[in-house]
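The values are calculated or read from the model by the stated rules, or taken from the named source; none is laboratory data. Quantities reported herein were computed from a predicted structural model and do not represent experimental measurements. Ideal geometry is used to build each Cβ from the backbone, glycine not excepted, and the neighbour counts take in all protein chains shown.
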C-alpha cells in the first residue's frame with residue numbers, strides 16, 4: 001500500500017482524487033484548510049502559503065497530487081491569488097524535495113495556452129500564452145513552469161495535467177453560478193453557438209492523475225512533460241450546460257447576446273473597475289476571458305496522454321451526466 005498526499009482534498013477534484021485512491025487500495029493523506037470528512041483519510045490541516053506546514057505534510061509519502069488551487073474570475077492581480085497558486089506550488093515542490101518525495105503530479109489548466117484566439121483540437125505543441133486574459137491563467141502558467149523545471153531535482157519526477165472545465169458532484173463554481181442565474185431569470189446564451197469547449201468529468205480527471213503518477217519513472221516519457229486531459233467530444237458551452245438546467249426544471253433561455261454586445265459590456269465593466277478598483281467591482285461574472293472562452297473554439301485532444309501513460313476515460317458521457325444531475329438536484 002502506497003501513501004499519497006492530496007492537496008486541496010476537500011475540493012471538487014480533490015474529493016474525487018481521494019475516493020479514487022481509496023478505491024485502488026491506497027493510503028491517503030489530505031492537506032487542506034479543514035479536515036477531510038472520510039475517517040479513512042489522514043487529515044493534515046494547513047495552508048499552502050505555510051511552507052513548514054506543507055513540508056510536514058510531505059513527510060513519508062510516496063507521491064503528491066497537487067490539486068489545490070485558488071480560482072478567481074475577477075479583475076486585477078490580487079496578491080492572494082499569486083500567493084496560493086504560485087508561492088503555494090513552490091512550497092509543495094520544496095516540500096517534496098526536502099522530504100525525498102519521488103513523484104509529483106500537478107493539476108494545471110488549459111488556460112496556460114489561451115490568449116483569446118480560437119484553438120481547434122489543440123495539443124502540447126502549443127506555446128505558453130504571452131498575454132493572458134486574466135490573472136488566474138497567468139498564475140497557473142507560472143506554477144506549471146515551476147513544477148516542470150523541478151523535474152529531476154533531488155530525484156523528484158514531475159508532470160503537469162492541463163484540465164479543461166471539470167464538472168461533477170461537488171462543483172462549487174460552474175453549475176452553482178448557472179443555477180443562481182437561472183433562478184433569477186438572468187440566464188442568456190452568449191455568442192452564435194458555434195464555439196466548442198472541453199468539459200471533462202471529474203472521475204476521469206482523477207483516473208488520469210493516477211495513471212500519470214504511476215508512469216513517472218526515470219526511464220519513462222512522462223517526467224518533465226505537460227498533458228491535456230479531455231474525455232468526451234467538445235461542445236458549445238451552452239449545449240453542454242443547458243440540458244442539466246432543463247432537467248432540473250428551468251426553462252430554456254431565449255435571450256441571445258451577440259459577441260460584440262458582450263465585448264462592449266466587458267469594456268464598460270472594466271472601465272468602471274479601473275475608475276474605482278474596489279473589492280465590490282473586482283469579482284464579476286462577465287470578463288474578457290469569459291467572453292473569449294464562450295465565443296471562440298477552445299478545445300484540445302488528449303492523444304499524448306493516451307500514448308504516454310495509457311489514459312482513456314473510464315466514465316462514459318451519459319453516466320457522467322446522470323451522476324452530476326443527481327447531485328445537482330440537491331442544490332435546487
Out of (1) surrounded by 14 or more Cβ atoms within 10 Å (Cβ to Cβ); (2) in contact (Cβ under 8 Å) with a residue 60 or more places away in the chain, the odd one out for residue 258 is which? (1)
Being over 21 Å from the mean Cα position of the chain (by Cα) and part of a helix (DSSP H, G or I) is the filter; apply it to the stretch 146-165 and report the residue that is farthest from residue 299 (Cα to Cα). 154
I'd like to check something: does the stretch 196-209 contain any residue that is in contact with a helix residue (DSSP H, G or I) (Cβ under 6 Å, 6 or more places away or on another chain) and within 19 Å of residue 297 (Cα to Cα)? yes
Selection count, the stretch 62-114, where residues are outside any helix (DSSP H, G or I) and more than 14 Å from residue 160 (Cα to Cα): 14
Among the listed residues 164, 226, which satisfies the condition of being modelled with pLDDT under 95 and crowded, with 17+ Cβ neighbours inside 10 Å? 164
Criterion (farther than 27 Å from residue 20 by Cβ, over 19 Å from the mean Cα position of the chain (by Cα) and either assigned to a helix (DSSP H, G or I) or at pLDDT 95 or above (or both)) met by exactly one of 264, 325, 216: 264
For the stretch 48-69, which residues satisfy the criterion of being in contact (Cβ under 8 Å) with a residue 40 or more places away in the chain and surrounded by fewer than 19 Cβ atoms within 10 Å (Cβ to Cβ)? 49, 50, 51, 55, 59, 60, 62
Among the residues of the stretch 168-188, what is the count of those that are modelled with pLDDT of 95 or more and over 20 Å from residue 233 (Cα atoms)? 0
Taking residue 120 as meeting all but one of (1) buried (at least 20 other Cβ atoms within 10 Å of the Cβ); (2) at pLDDT 95 or above, write down the number of the exception. (1)
In the list 157, 178, 187, which residue meets the criterion of being surrounded by 13 or more Cβ atoms within 10 Å (Cβ to Cβ) and in contact with a strand residue (DSSP E or B) (Cβ under 8 Å, 6 or more places away or on another chain)? 157
For residue 169, are the conditions met, namely being touching a residue at least 12 places away in the same chain (Cβ under 8 Å) and more than 20 Å from residue 289 (Cα to Cα)? yes
For residue 149, state whether it is under 23 Å from residue 214 (Cβ atoms), surrounded by fewer than 17 Cβ atoms within 10 Å (Cβ to Cβ) and without any contact (Cβ under 8 Å) to a residue 40 or more places away in the chain. yes
Could you tell me how many of the residues in the stretch 125-138 are surrounded by 17 or more Cβ atoms within 10 Å (Cβ to Cβ) and in a loop (DSSP other than H, G, I, E, B)? 4
Considering only the stretch 178-196, I want to know if a residue exists there that is within 21 Å of the chain's Cα centre (by Cα), part of a loop (DSSP other than H, G, I, E, B) and within 19 Å of residue 8 (Cα to Cα). no
